[in-house]
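This report concerns only the one structure given below.
The values are calculated or read from the model by the stated rules, or taken from the named source; none is laboratory data. All figures in this text were calculated on a predicted structure; none of them were measured in a lab. Cβ: placed from backbone, ideal geometry, glycine included. Neighbour counts: every protein chain shown. These accessible areas exclude ligands, DNA and RNA; they are computed on the full protein's heavy atoms, side chains included. Shrake-Rupley method; radii C 1.70, N 1.55, O 1.52, S 1.80 Å.
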Amino acid sequence: LFHLEQQLRVWGTAGRFIFSMAGWRISHQNTIPYSLSSNTRLIVQTYNEELTERPDDLDTDPRFSIDYFNSSTIPYAEKTFHYLPGDQQHPSHHSLPKAKYDIHGQKHFYFDALQQVGIFRPLQSIMSYVLDGKNIDKPIGLPDTDPAMRTFHDINFYSGDNPYVDLGIKDNPGVYASNKYEYPFTDVTMATEKLSYTANEDFVFHLEKMQALDTDNDDDDTVDDWIGIFPAGTDLTWDNQVAWAYTGAITDGAVTIPDNLPTGDYVAAAFFDDHVSKVEAKVDFSIGD
């Protein structure tokens, strides 16, 4: 969805939205969608199965959805993170919005109250707000009130702007702990401003949660965090870098590297304080003609 939003800018010039449901990450795709159109609104939804039954399914890791939500350029007033916990009568699982059950070996599908309240109601709200300009419908799907677990027609749903704090601590302690996953995430995030650059166009990389500490014991008291660019398919080692730059000891911000590279596919990687072996974050991009 985020990739398509970046590629199909000819659509939705009067208003656009993304309604992401149990996000499924595509390998080798830019992980964080920084450069969304300014008129984009966003609802990101996660269901209970992603948190409780599929913690080792890397493609549906709920932290992908959280990263998309937190790192997008959409203002918090125009985006909301939803979590549908469900209950025994209203299962919240990956196949929503079409629940299913077995009767004598036959599959039957139905739409229950969880889906009406948790999915179709906010979807209709954001459509009405974005496409028809009805501001009165905005608070249903994009509330401006404090984030909370809400109840509507006996159905619970979380709606807020801070899924790590408000969801992770209040209602699911430790559910996002990295030790639950085979491949723990670093806290650092990194993204390009574009998936594909043209020749001679400078590269801009956005970083969040860099360490910005002097840890290399070289007695110069400087922070030498850096970004390296590597041809796709090569090991991310110093010997393979084709361009690099120090980050200027920022924790969050943008770093620009001038383009003097041939067309092709590349990987940019972030490293702490002159270290050359441990990659903290990386992102794929390409250079066209």
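Structure notes:
- Cβ-Cβ FRET estimate between GLN88 and ALA148, R0 fixed at 22 Å, reported to 0.05: 0.45
- Gain in span if fully extended, HIS104 to SER37, counting 0.36 nm per residue against the direct Cα distance: 19.2 nm
- Cα-Cα over 30 Å, subset of LYS79/LYS278; LYS79/LYS209; LYS138/LYS282; LYS98/LYS194; LYS194/LYS278; LYS134/LYS194: LYS79/LYS278; LYS138/LYS282; LYS98/LYS194; LYS134/LYS194
- Kirkwood-Stokes translational diffusion coefficient of the range 199-289, alpha-carbon pairs, 10 °C, 1.306 mPa s, µm²/s: 118 µm²/s
- Nearest-0.05 FRET efficiency for MET127 and ALA254, computed from C-beta distance (R0 41 Å): 0.75
- Per residue, the accessible area of the range 221-274 comes to 46 Å² when a 1.4 Å probe rolls over the protein heavy atoms.
- Close amide H pairs (under 5 Å, H built 1.01 Å from N) link PHE203 with ILE257, ASP259, residues at least 5 positions away or on another chain.
- Net lengthening on full extension, ILE136/SER277 (0.36 nm per residue, minus Cα-Cα): 45.5 nm
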